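The next block holds one structure in the form of structure tokens; read it before the comments.
The values are calculated or read from the model by the stated rules, or taken from the named source; none is laboratory data. Because the structure is a prediction, the values reported are computed rather than measured. With ideal geometry, Cβ positions are generated from the backbone for all residues, glycine too; neighbour counts draw on all protein chains shown. Remember, those area values only see protein heavy atoms, side chains included, never the ligands or the DNA or RNA. Shrake-Rupley method; radii C 1.70, N 1.55, O 1.52, S 1.80 Å.
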Amino acid sequence: MSPDQTAARDAGAPSASLLERIEPVEGGRAMHDPATGELVGRAPEAAVEDLDAAVARAVAAQPGWAAAGDDVRRRAMHAAADAIEARAEELADLLSREQGKPLNGPNARFEVGACAAWLRATAEFSVEPEVIVDDGTDHAELHHRPLGVVGAIGPWNWPMMISVWQIAPSLRMGNTVVIKPSGYTPLSVLALVEVLNSVLPEGVLLAVPGRGEVGARLSRHPDVAKIMFTGSTETGRTIVKAAGDTLKRLTMELGGNDAGIVLDDADPQAIAEDIFWGAFINTGQTCAAMKRLYVPDSLYDQVCESLLEVAKNAPMGVGREEQNVLGPLQNAVQRDIVVRLVDEAKAAGARVLIGGEHDPEAPGFFYPTTLVADVDPQNPLVIEEQFGPALPIIRYSDLDEAIEQANALEVGLGSSVWSADVDRAREVAARLEAGTTWINKHGAVDPRMPFGGAKQSGYGLEFGEHGLKEVSQPHLISW
């Protein structure tokens, strides 16, 4: 069935809320709002047998989807973007309630909009056959074919957007996809897949929510050609081991502890807001958020004061209250990690500029916006990924030492340099060990620009033509 036929099939279907369409008839796992504790809905929980059945359906659908051709798949991406935009507010509301992020700011509405934008951008990328040799005697062309079934395992911090990062290139290249959502945010991903499947052919995209054994089976399933995973380095290691027996292709986007380095010619007031959102986007729950900031002695107090002013004017609260731009931590486990790390920094003599106090009696998994100054470079708040709304600000007197400290950790997802002199910033950027280094911004991902990690932040690239190649089988034809 073509995307156009699928759309016609569903055009006459009665309207229903997304929750009504995805919740199980009975039972299921209760999902609660991390800001209020209120019941959001109940998520179905699949067994390993359900995962096997989904993979079998995806295997059966894949040849037809590949044979449909590039133009059909391109149109399907745009149709999927249209479908998301038609239900954008409903998707954003559910996302805010389940994940906790506010509707406004770079949060729920932003994430849903990014899903549509990534689909449209991916529709327009192409991987044309490349002539490798043509010397009059020999000719060789490199083609890129579908792999088959791609298994996608997503996180809870950007559950919809990162799912699209996995789904869009895989489908565009003619693969089918079986996606396993995070157990913390299954409803958001199930709702997204429900919307996408209103315009996609049967069996091309399947979601299988469940516990760890479902993800483990997906990682080692013999009929899954590739795994795309975004999440912690620890879980990534487990997936790599599970996928080894079948030699699956892998794209691993793993944890980061991104460093930002301010140079001594920067304007503290001019850069403060961008630094703040580079660190506190999604309340700090972003793999490529800035997790540690290195500032020279000459600007240290000014940078701290400028960041403090921005922090004071960023309201935190329940996500569905329109004024808020920061929300709770998504779950108690992550909230407790932030509490521990900030408490350890305070006990070691660090100076809290704002925040730093957790009220265990307050509803929800909130932790206040926290800036921590005069923190030792080896403090756990600096060397461990906090993944929450707490930014350590480290003083330095020697730029070479700051670069050395930035590179000292085993992870290297993103980094940034802040300077009034772009050429000087580029020289520093070239010395940083990371998959991406931004200048005078941080975490600014773009569907046109390849994105991936260095060191133990993973491997493989996403986005653009590079991302399409990562979900394809290179095929050289020579004559």
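Out of the residues in region 109-146 meeting the condition of being in contact with a His (Cβ under 6 Å, 6 or more places away or on another chain) and open to solvent by less than 40 Å² (accessible area, probe 1.4 Å), tell me which one is farthest from F463 (Cα to Cα). Looking at residues that are in contact with a His (Cβ under 6 Å, 6 or more places away or on another chain) and open to solvent by less than 40 Å² (accessible area, probe 1.4 Å), I get H143.
Rundown of residues vs (1) under 30 Å from E305 (Cα atoms); (2) of a type outside the set (A, V, I, L, M); (3) part of a loop (DSSP other than H, G, I, E, B), yes/no style:
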site	(1), (2), (3)
S219	no, yes, no
P222	no, yes, yes
M228	no, no, no
G236	no, yes, no
K241	no, yes, no
L247	no, no, yes
M252	no, no, no
A259	yes, no, no
Q269	yes, yes, no
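Every listed requirement among (1) modelled with pLDDT of 95 or more; (2) more than 23 Å from the chain's Cα centre (by Cα) is met by E361 save one, (1). The residue that is nearest to S126 (Cα to Cα), among those in region 58-102 that are open to solvent by 10 Å² or more (accessible area, probe 1.4 Å) and not in a helix (DSSP H, G or I), is G69.
Applying the criterion of being out of contact with any Leu (no Cβ under 8 Å at 6 or more places or on another chain) and free of Cβ contacts under 8 Å to residues at least 60 places away in the same chain to the residues of region 249-272, the residue that is least open to solvent (accessible area, probe 1.4 Å) is A270.
Of these, A47, A8, A30, which one is surrounded by fewer than 17 Cβ atoms within 10 Å (Cβ to Cβ), at pLDDT below 95, out of contact with any helix residue (DSSP H, G or I) (no Cβ under 7 Å at 6 or more places or on another chain) and small (G, A, S)? When all the criteria are applied, what remains is A8.
Selection within region 435-452: residues that are charged (D, E, K, R) and closer than 24 Å to A272 by Cα. The member of this set that is most open to solvent (accessible area, probe 1.4 Å) is K441.
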